[in-house]
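Structure first, then comments.
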Amino acid sequence: MSAAHVISMVPEHPRDSRMKILLVDDTPENLVSLEAALNGLGEDLVSAHSGKEALRHLLQDDFAAILLDVRMPEMDGFETAELIRSRPRSRQIPILFLTGYRNEEHLFRGYDLGAVDFLFKPIVPEVLRSKVAVFVELSRTNAKLRQQTDALRKQAEELQRVEQEVRQLNAGLEARVLERTEELMRSNEELQQFAYIASHDLREPLRTVSIYAQLLAKRYQGRLDSDADQFIKFIVHNAERMETLVHDLLDFSRIDVRGMDFFALTSCDSALDDAIGNIRPLLAESGAVITRDPLPCVMGDAVQLTRLFQNLLVNSIKYRSSDVPWIHVSSKDNGEEYLISAKDNGIGIDPQYAEKIFGIFRVLQPRDRSTGSGMGLAICRKIVTRHAGRIWVESALGQGATFYWTIPKKG
Ligand code: ADP
């Protein structure tokens, strides 16, 4: 295979963006004059002395334009053009035929073969240069467009790839979350069952201990020594306390056990009325004042909503300051949900405990001085959660407390 004669080195274009032009002529002098005419373009010129040689170059390289002599021995310009057109890789390259005569038949045949132009000998270098320059520029623009299209396609593929990866990651994540949720639900159910069974089954023996301790106190009070009297008192007191704890724990574990059948359109006003009714003696004894705004109707479990209000009211009275207890209950329409609040003028809560107090058996006062079991707010949270809402407190020590809870409009 003969080496390509790369002649032009005029550095108008950087090396990698130079286009190749194939010059095909069997007469070496013609080739020299073509090269001389096109040298100024600053592109790479490749010369071939025959159609065959031209085809060999076309196998190796891409060209911006081909200048093809019509009259050549062995394989003339038309035959060469036919072969060039038959190959997909070279089909689009513009061909300029170089011919000695204006022959109609030649013209037709040439255009038929996809010639873009004819140049008649003797060639005028300026005409040749400007014609070739147009095709080379076209080819350069074409190559750039192809590059950009390629880059865009690659980019699109890469976007798609990232999307696919994200989708796969998401699917994996969802599966893991689902698995974990199921696991948690299982262990939660087990815990619920455990709490329920334990508290249920503990009640009986505890009751027995309590009764016998009380019996002991009644029958033997003052008949044993003072230490024994004191011990019996402790047993009675602690057995009672434990009964309360077990009772509240059972209460707590029963909340989720109630089926959804208990959900119905419920007036929060009636639930609050019932809660107030249930704690009348406490209200009377404390002189507590309750003020209220109209409350909404929601889809909920009436018994549990009453319980929720009741626990909050009782706390506001239990944790009152030296002032007469005052509680204001109100509600706000928040679009998708209602926000209900109970504000009091009690001792308030240090904000650092604002979350802790909703835990099971959590009290802020020392156990021996606390009246409650620490289950009241845990029960409130469980009820609100079961109603797909949230509950929290906003407070500061000595500033009273406001308990907020939400409930969706569509239950
Ligand atoms: P309990 O009342 O049985 O102790 P709760 O779960 O109802 O248990 O309340 C937990 C703790 O939160 C209480 O011990 C109390 O310290 C604090 N608390 C609850 N409600 C109020 C309130 N309205 N004002 C001040 N402190 C409160």
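Values quoted throughout were computed directly from the atomic coordinates according to the rules given, and no laboratory measurement underlies them. For clarity, every value in this text was computed on a predicted model and none was experimentally measured. When we count neighbours, we look across all protein chains shown, and the Cβ atoms used for this are built from the backbone with ideal geometry, even at glycine.
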- Counting only DSSP loop positions in region 308-411, the trypsin sites (Lys or Arg not before Pro) whose Cβ has at most 11 other Cβ atoms within 10 Å are Lys410
- How do Met260, Met75 line up, fewest other C-beta atoms within 10 Å first? Met260, Met75
- Note on the structure: Total charge of the residues flanking Pro296 in space, meaning their Cβ is under 15 Å from its Cβ, with Lys and Arg +1 and Asp and Glu -1, is -2
- Note on the structure: Spelling it out for Thr266: with amide H atoms placed in the peptide plane at 1.01 Å from N, the residues 5 or more places away or on another chain with amide H under 5 Å from its amide H are Val298, Met299, Gly300
- Message: How high is the relative contact order of region 226-321? Use alpha-carbon pairs under 8 Å, at least six apart in sequence, and give a whole percent.
- Response: 34
- Message: Taking loop as defined by DSSP and a crowding limit of 13 other beta carbons within 10 Å, which trypsin sites (Lys or Arg not before Pro) in region 178-223 fit?
- Response: Arg223
- Relative contact order as a percentage, the chain, C-alpha pairs under 8 Å and 6+ apart, gives 9
- Using 0.36 nm per residue of separation minus the Cα-Cα distance, give me the extension gain between Val303 and Gln221 in nm, one decimal. 25.3 nm
- Could you work out the longest stretch of the chain that avoids the GluC sites (Glu not before Pro) located in DSSP loops with at most 13 other Cβ atoms within 10 Å? 75-335
- Reachable lysines from Lys20, criterion Cα separation under 27 angstrom, eight or more residues apart if same chain: Lys52, Lys121, Lys131, Lys144, Lys154
- Message: Suppose each label sits 7 Å from its Cα in the direction of the beta carbon; what would the Asp261-Leu364 distance come out to in nanometres?
- Response: 4.1
- Note on the structure: The simple spin-label model distance between Ala388 and Leu339, using points 7 Å out along Cα→Cβ, in nm, is 2.0
- Asp150 label point, 7 Å along Cα→Cβ, cut-off 16 Å on backbone N: hits in region 19-38? 19-20
- Message: Please report the spacing between the Cα centers of region 162-231 and region 273-334 in Å, no decimals.
- Response: 28
- Note on the structure: For Met19, the residues 5 or more places away or on another chain with a placed amide H closer than 5 Å to its own amide H are Asp44
- Message: With 10 angstrom as the radius, rank Trp326, Trp392 by how many other C-beta atoms surround their C-beta, starting from the fewest.
- Response: Trp392, Trp326
- Under the Karplus relation with 6.51, -1.76 and 1.60 and θ = phi - 60°, whole-Hz ³J(HN,Hα) for region 147-159, x at Gly and Pro, equal 4, 5, 4, 4, 4, 4, 4, 4, 4, 4, 4, 5, 4
- Query: What net charge is computed for the residues neighbouring Met260, neighbours being all others with C-beta under 13 Å from the C-beta of Met260, Lys and Arg scored +1, Asp and Glu -1?
  - Reply: -1
- Query: Counting pairs of alpha carbon atoms under 8 Å apart in space and at least six apart in sequence, what relative contact order in percent does region 154-293 give?
  - Reply: 26
- Residues Arg167 and Ile211, FRET efficiency given R0 of 56 Å [Cβ-Cβ distance, rounded to 0.05]: 0.30
- Message: From the helices alone, meaning DSSP H stretches of at least four residues, give me the mean residue ellipticity at 222 nm for the chain, per-run term -39500 (n - 2.57), in deg cm²/dmol to the nearest 500.
- Response: -18000 deg cm²/dmol
- Message: Can you return the lysines within cross-link range of Lys409? Criterion is Cα-Cα under 24 Å, with same-chain partners fewer than 8 residues away left out.
- Response: Lys332, Lys343, Lys382
- Query: Which of the chymotrypsin sites (Phe, Trp or Tyr not before Pro) across region 46-107 are loop residues per DSSP, with 13 or fewer other Cβ within 10 Å?
  - Reply: Tyr101
- Message: As an exercise, use a Förster radius of 45 Å and the Cβ-Cβ distance of Lys410 and Glu190 to find the FRET efficiency, rounded to the nearest 0.05.
- Response: 0.90
